[in-house]
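Accompanying notes for the structure given below.
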Amino acid sequence: MVAFQLDLPKFEAANAQVLGISVDFGAANGVFAEKLGLKFPLLSDTRRVMSRAYGVLNDDPAAANDIKRIAGYLRSKRSWFIIDREGVIRYANVNDPRGVMPNDELLEALEKLR
């Protein structure tokens, strides 16, 4: 999230709105955003509606019984989407929970969409 904050001027120059979305409660997101000094909205998907709709929810029931996977059960996979004004997904990258997506790749994808 901090990387997005640091590159926020670049995303704004590309006419993009950065949004963070998590399955955490709104109050937790607010504390997190304040602690990191984030200037873009963090949305809460506690009902997991968006995560399911975008296919990024870790909802494999076997994970609930696996000590190595239970912490990620019903959590969203780390994901990046570029969605146009009409709501069409123009770019998607779903990554390992620890994966890091370089902002340069997102900014390049935005440039290609211009």
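Rule-based calculations on the coordinates, nothing more; no lab input. All figures in this text were calculated on a predicted structure; none of them were measured in a lab. Cβ sites come from the backbone with ideal geometry, for glycine too, and all protein chains shown count toward neighbours.
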| Cross-link partners among lysines for LYS10, C-alpha distance below 24 Å, same-chain residues fewer than 8 apart left out? | LYS35, LYS39, LYS112
| remark: Here P(r) for region 37-102, Cα-Cα distances in 5 Å bins, as whole percents, is 3, 15, 19, 25, 21, 9, 5, 2, 0
| request: Considering only DSSP beta bridges where both residues belong to region 2-113, give the percentage that are antiparallel (nearest 5). | output: 70
| request: For MET50, put the label point 7 Å out on the Cα→Cβ axis and report which residues of region 1-20 keep their amide N under 14 Å from it. | output: 17-20
| query | What lysines sit close enough to LYS68 to cross-link, taking a C-alpha to C-alpha distance under 20 Å and skipping anything fewer than 8 places away on the same chain? | reply | LYS77
| request: Evaluate the Debye formula for region 18-63 with equal point scatterers sitting on the alpha carbons, no solvent, and hand back log10 of I(q)/I(0) at q = 0.20 Å⁻¹, in q order, two decimals. | output: -0.67
| request: Rounded to the nearest 500, what is the 222 nm mean residue ellipticity of the chain from helices alone, with -39500 (n - 2.57) per DSSP H run of 4+ residues and division by all residues? | output: -8500 deg cm²/dmol
| What's the angle, to the nearest 10 degrees (0 to 90), between helix 103-113's Cα axis and the longest principal axis of the chain? | 60
| said: As a footprinting exposure proxy, order LYS68, LYS39, LYS77 by other Cβ within 10 Å, with the fewest listed first. | reply: LYS68, LYS39, LYS77
| request: Give the angle, between 0 and 90 degrees and rounded to the nearest 10, that separates the Cα long axis of helix 26-36 from the longest principal axis of the Cα atoms of the chain. | output: 50
| So what is the relative contact order for region 2-113, in percent, with contacts set as C-alpha pairs under 8 Å and at least six apart? | 21
| query | Along each of its three principal axes, how wide is the spread of alpha-carbon positions in the chain, in whole angstrom units, largest first? | reply | 45, 30, 24
